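Novice: Sharing a structure with you now.
The values are calculated or read from the model by the stated rules, or taken from the named source; none is laboratory data. This is a predicted model, so every value here is computed, not measured. All Cβ positions, glycine included, derive from the backbone under ideal geometry; neighbour counts span all protein chains shown. All accessible areas refer to the heavy atoms of the entire protein, side chains included, with ligands and DNA or RNA removed. Shrake-Rupley method; radii C 1.70, N 1.55, O 1.52, S 1.80 Å.
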Amino acid sequence: MRFLHLSDLHLGKRVNEFSMLEDQAYILKEILNIIDEQKVEAVLIAGDIYDKVIPSAEAVRLLDDFLTRIAARELPVFLISGNHDSAERIAFGSRLMSSRQIYLSPVFESDVEPVTISDRYGEINIYMLPFVKPSLVKRVYPEEEIITYQDAVNAAVQHMQIDTDKRNILLAHQFVTGATRCDSEELSVGGVDDVDASVFDGFDYVALGHLHGPQKIGKETVRYSGTPLKYSFSETNHKKAAVIVDVEGKGKINIQQIPFLPKHDMREVRGTYMEVTALDFYKDMNTDDYLHITLTDEEDIPDAIGKLRCIYPNIMKLSYDNLRTRAAGTVRGTAEVEEKSPMELLREFYELQNNQPMTDEQEEIARGMMEEIWEVINS
């Protein structure tokens, strides 16, 4: 059976105050074209369907249209909630939708039961594990010691009672140890949300969501599909692609990637004002792309962003890199703070205030307090 693995649609997202809805509608149509051209037989969507717990009406309509078009093709869809989603909202209407083969992950309140589908090789069990936190799993299994995210996911998986003689696929939305993050992802307290990939050893394929960069973890069959679009300038070098997974007999899986062609790419441009406004510089460039322009002029250009938008209408960010900004220790317009975890920021602040680094004991206390606060905020 041929699966399409997607994740992290983040419908309704805004990037640098630009609405991405039009781009998202465009890429969802491209995905439908890929489904048709590649003769996809089932779709896996591994969480962060929306960008906010309470999505906009436009974002909801976009998902409704996308799922309706897939249902019209009579293809099964397996969709789980991520950390940006409301598990309850994603689960709404799931029993009704399952009659059209749209399977939505329920709120995690008991053992995860698989949805079983069949092909010419036999049965395939699809397990849908929404984003879980230790406190959530602890409520379901109060008798077990569940402190870390590793404990939580391990408990959830152990209670699935997987038949390893059959083919098993898992959808999950967690941070797996060894994966590479980028700054458009939500950072939790450094390291506490890690889950070791060995937890997933019983599955033939693990369709992961949560991280925006497409990547495999250890082996080809434990994989993040990444976002279909770039959502920050830390992703400019990402090769966004649809992940096509061919599941044949037990242990026989082939994976290929089909590049996504977005309506607007996201790129970085650098040079003096005179350089980036010269016709020879931009004549062969798609000037409608989303851009971060860094000017290297020593003096500020009056109304630079307004003038530049005459050529590059979709500038998202303007920075300066010159002697002044380097002397200040930063390039103006960057978002370095947003790229650091809370623990890194606290460590730097403590050293700035006390002229000495935090001790290991202080870090451990601070990390524990942060995690308690994190659990309350996200509960």
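Novice: For the stretch 8-84, what is the charge dipole size about the Cα centre, in debye to the nearest 20, if Lys and Arg each add +1 at the Cβ and Asp and Glu each add -1 at the Cβ?
Specialist: Numbers: 8 positive and 14 negative charges, 28 e Å.
The calculation lands at about 140 debye.
Novice: Further question: Using the crude model of +1 on Lys and Arg Cβ and -1 on Asp and Glu Cβ, and no other charge, please compute the dipole size for the chain relative to its Cα centre, in debye to 20.
Specialist: Details: 40 positive and 65 negative charges, 267 e Å.
Once rounded to the nearest 20, the dipole reads 1280 debye.
Novice: If you don't mind, there's one more thing I want to ask. Quick one: Karplus J couplings for the stretch 26-33, per residue in order, coefficients 6.51, -1.76, 1.60, θ = phi - 60°, nearest Hz, x for Gly and Pro?
Specialist: Along the stretch 26-33, the couplings run 5, 6, 5, 5, 5, 5, 4, 5 Hz.
Novice: What does the accessible area per residue of the chain come to in Å², with a 1.4 Å probe and no ligands, DNA or RNA counted?
Specialist: Numbers: 18490 Å² over 379 residues.
It amounts to 49 Å² per residue over the chain.
Novice: Let me ask something else. So what is the relative contact order of the chain, in percent, for Cα pairs below 8 Å that sit 6 or more residues apart? Before the final figure, lay out each step's value.
Specialist: Numbers: 734 pairs, mean separation 55.6, N = 379.
Worked out over the chain, it gives 15 percent.
Novice: Let me ask you something else. So I have (i) 21.5; (ii) 23.5; (iii) 18.3, and one of them is mean projected area of the Cα convex hull in nm² calculated from this model. Which one is it?
Specialist: The listed entry that was calculated here is (i).
Novice: Could you list which residues have their amide H under 5 Å from that of Thr294, counting only those 5 or more apart in sequence or on another chain, with H placed in the peptide plane?
Specialist: Here the answer is Val269, Arg270, Gly271, Ser319, since their amide H atoms fall under 5 Å of that of Thr294.
Novice: At a 1.4 Å probe radius, carbon and sulfur cover how many percent of the accessible area of the chain? List each step's numbers first, then the result.
Specialist: Details: 9330 of 18490 Å².
Of the solvent-accessible surface of the chain, carbon and sulfur hold 50 percent.
Novice: For Val176, list long-range residues whose amide hydrogen, built 1.01 Å from N in the peptide plane, is under 5 Å from its own amide hydrogen.
Specialist: HN-HN under 5 Å from Val176: Val195.
Novice: I want the local charge near Glu144. Using Cβ-Cβ distances under 10 Å, sum +1 for each Lys or Arg and -1 for each Asp or Glu among the other residues. All intermediate terms of the calculation are to be shown ahead of the outcome.
Specialist: On the way: positive: Lys138; negative: Glu143, Glu145, Asp151.
Local net charge: -2.
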